[in-house]
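*Asks:* Got a structure for you, questions after.
Throughout, read-outs are computed from the coordinates displayed, never taken from laboratory work. Everything numeric in this text was worked out from a predicted model, so none of it was measured. Glycine gets a Cβ as well: all are built from the backbone with ideal geometry, and neighbour counts include every protein chain shown.
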Amino acid sequence: MISYHSGVLDPTPRVFVSFFQKPGRLACQSRTRVHPSKPTEGIRTNKPDGIWHVDVTVVRLVNGSKAYIQAIIDNYSRRILAYRVSEKLEPASSAELLVKAYESRSEVGDQVDPQAVMVDGGIENFHSAVMKLVEEGLLALILAQTAVLFSNSMIEGFWRVMKHQWLFLNQLDSVSALERLVRYYVEEYNRNLPHSAFNGQTPDEMYFGHGDGVPEELAAARASARQVRLEANRELSCESCPNLAMAVNG
């Protein structure tokens, strides 16, 4: 049987061994990784509006229909600069979102033309309206995993968190309900949700540059809370155990 499938008529021991030495013939045989290892960290800028990421995601409603959410996120602050919820994926909407974000750029950012925008290969990112903005010198498109080695994972990570920690916990029965939920989450995310990468600062505080004192305030609050907790724990005692404070002092 082995000689038949391998095209060899004489299954000598040498042929037998060489047959099973080919990659994939044995389940326990290790395989060489074909694709290069993915980078552990993507592109990072040191000022707001250095690079934007734009992407679209699909959400299925309870009646089986689809809705589309398109958004632009700032690389430095991870702030959602503009978003749109619609029943259909309209390629021209990308240009409208980009213009909206462009007109509201932060004063503490680079504000350098053309504005760098990382996109994927979706048709909405290469619409004639978007290409017109590129020709006018307002935007410069960076194609993820083609022009650069990095993916568009920052905006994709935002989709994952918003969907699984908020949208999928609610009743998605209409596009208007979805739009209301997205609006609430984006406002809370930008204004009130502290980010561990920024030592507790929110995306708004990072983008507009008015949260420099937040890390120090949070560090002081943590130290104070820890001291109060230690003192409260040391005062705890029961009938069977001596007072901890007396044991420590004694």
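*Asks:* Using r as the Cβ-Cβ distance of V99 and A219, and R0 as 35 Å, what FRET efficiency do you calculate, to the nearest 0.05? Don't skip to the answer; put the middle values down first.
*Replies:* Values: r = 40 Å, r/R0 = 1.15.
The computed FRET efficiency comes out at 0.30.
*Asks:* Cβ under 14 Å from N199's Cβ, N199 left aside: what net charge do those residues give with Lys, Arg +1 and Asp, Glu -1?
*Replies:* Values: positive: R78, R222; negative: E205, D212, E216, E217.
Net charge in that neighbourhood comes out at -2.
*Asks:* Another question about this same structure. Run the simple label-point estimate for E107 and N233 please: 7 Å along Cα→C-beta, distance reported in nm.
*Replies:* 4.7
*Asks:* Determine, for each peptide in 222-232, 182-192, the mean count of other beta carbons within 10 angstrom over its residues, then list the peptides with the highest first. Can you show the working numbers first?
*Replies:* Working: 222-232: 10.0, 182-192: 15.5.
Top to bottom by mean Cβ count within 10 Å: 182-192, 222-232.
*Asks:* Placing +1 on the Cβ of each Lys and Arg and -1 on the Cβ of each Asp and Glu in segment 160-233, which of H164, N199, P215 has its Cα farthest towards the positive end of the resulting dipole?
*Replies:* Result: H164, furthest along the dipole toward the positive end.
*Asks:* Still on this structure, I have one more. What distance in nm separates the simple spin-label points at N192 and R180, each placed 7 Å from Cα in the Cβ direction?
*Replies:* A separation of 1.7 nm, rounded to one decimal place.
*Asks:* Where the only charges are on Cβ atoms (+1 Lys, Arg; -1 Asp, Glu), what is the dipole of segment 153-236 about its Cα centre, to the nearest 20 debye? Write down the numbers at each step before the final one.
*Replies:* Numbers: 9 positive and 12 negative charges, 61 e Å.
Value, rounded to 20: 300 debye.
*Asks:* Find how much the distance from L89 to N46 grows on full extension, using 0.36 nm per residue of separation minus their present alpha carbon separation; answer in nm with one decimal. Show your work: numbers first, answer last.
*Replies:* Values: separation 43, 0.36 × 43 = 15.48 nm, distance 3.27 nm.
In short, 12.2 nm is gained.
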